[in-house]
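Here's the structure we're looking at; comments come further down.
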Amino acid sequence: MMVAGIGSRKGVNASEVLAAIETALEAHGLATTALSALATASLKQDEPAIFSAGRDLALPVIVVADDALEAASSRTLSRSELSQAHAGTPSVSEASALAAAGKGAKLLGPRTVLGAVTCAIAISGDAP
């Protein structure tokens, strides 16, 4: 399973989210078709652009519970004080991707920042 974790400022639009996903995938030499799902933190569950991007890509959006986000936070590669203060994790996109990809998940690299959106790619522990 390969998951794109999404973090954003409030009020972003779907094209910004899609561009961040595309940029993150390109950084790892991957196509959108490699993704199994998008993921975000529960505090972003009312952010329509993330769900619109999921619909555009025909991918489910996994809303990660706060406890799962917190559990994955120690494995993030990026550290944002702003994210820590507002979301309780040093990286919403990285922790969301890790939590949604499941046990043994690994980030392919640090999050990609594109304007007001961050995107991190994680693969499950059982991925080749």
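Please work out the average accessible area per residue across the chain, using the 1.4 Å probe convention, and give it in Å². Kindly include the intermediate steps, with their values, before the conclusion.
Values: 6130 Å² over 128 residues.
Accessible area per residue: 48 Å².
Over the chain, calculate the relative contact order: mean separation of alpha carbon pairs under 8 Å at least 6 apart, over the residue count, as a percent. Mind showing how you got there, number by number?
Working: 289 pairs, mean separation 46.0, N = 128.
The value is 36 percent.
What whole-number distance in Å separates the alpha-carbon centres of the stretch 51-92 and the stretch 99-128?
If we compute the Cα centre of each part, the gap is 10 Å.
Out of [x] 39; [y] 5; [z] 28, which label holds the value of percent of Cα pairs over 27 Å apart that was computed here?
Computing percent of Cα pairs over 27 Å apart and matching it to [x] 39; [y] 5; [z] 28 gives [y].
Report, in debye and to the nearest 20, how large the dipole of the chain comes out about its Cα centre when Lys and Arg carry +1 and Asp and Glu carry -1 on their Cβ. Kindly include the intermediate steps, with their values, before the conclusion.
Numbers: 9 positive and 12 negative charges, 29 e Å.
The calculation lands at about 140 debye.
Mind checking which aspartates and glutamates have their C-alpha under 15 Å from LYS106, skipping anything on the same chain fewer than 8 residues away?
Correct list for LYS106: GLU94, ASP126.
Under 12 Å from a point placed 7 Å out from the Cα of ASP67 along the Cα-to-Cβ direction: which residues of the stretch 81-111 have their backbone N that close?
Label zone hits: none.
Of all beta bridges DSSP finds with both residues in the chain, what is the antiparallel percent, to the nearest 5? Write down the numbers at each step before the final one.
On the way: 12 of 19 bridges.
Antiparallel bridges: around 65 percent, rounded to the nearest 5.
When the Debye formula is applied to the Cα atoms of the stretch 55-100, each taken as the same point scatterer, what base-10 log of I(q)/I(0) results at q = 0.23, 0.31 Å⁻¹?
Result of the Debye calculation: -0.72, -1.06.
The values are calculated or read from the model by the stated rules, or taken from the named source; none is laboratory data. Keep in mind that this is a model prediction, so the values were computed, not measured. Virtual Cβ from ideal backbone geometry, glycine too; neighbours counted across all protein chains shown. When the accessible area is computed, the model is the full protein with side chains, heavy atoms only, and any ligands, DNA or RNA have been set aside. Shrake-Rupley method; radii C 1.70, N 1.55, O 1.52, S 1.80 Å.
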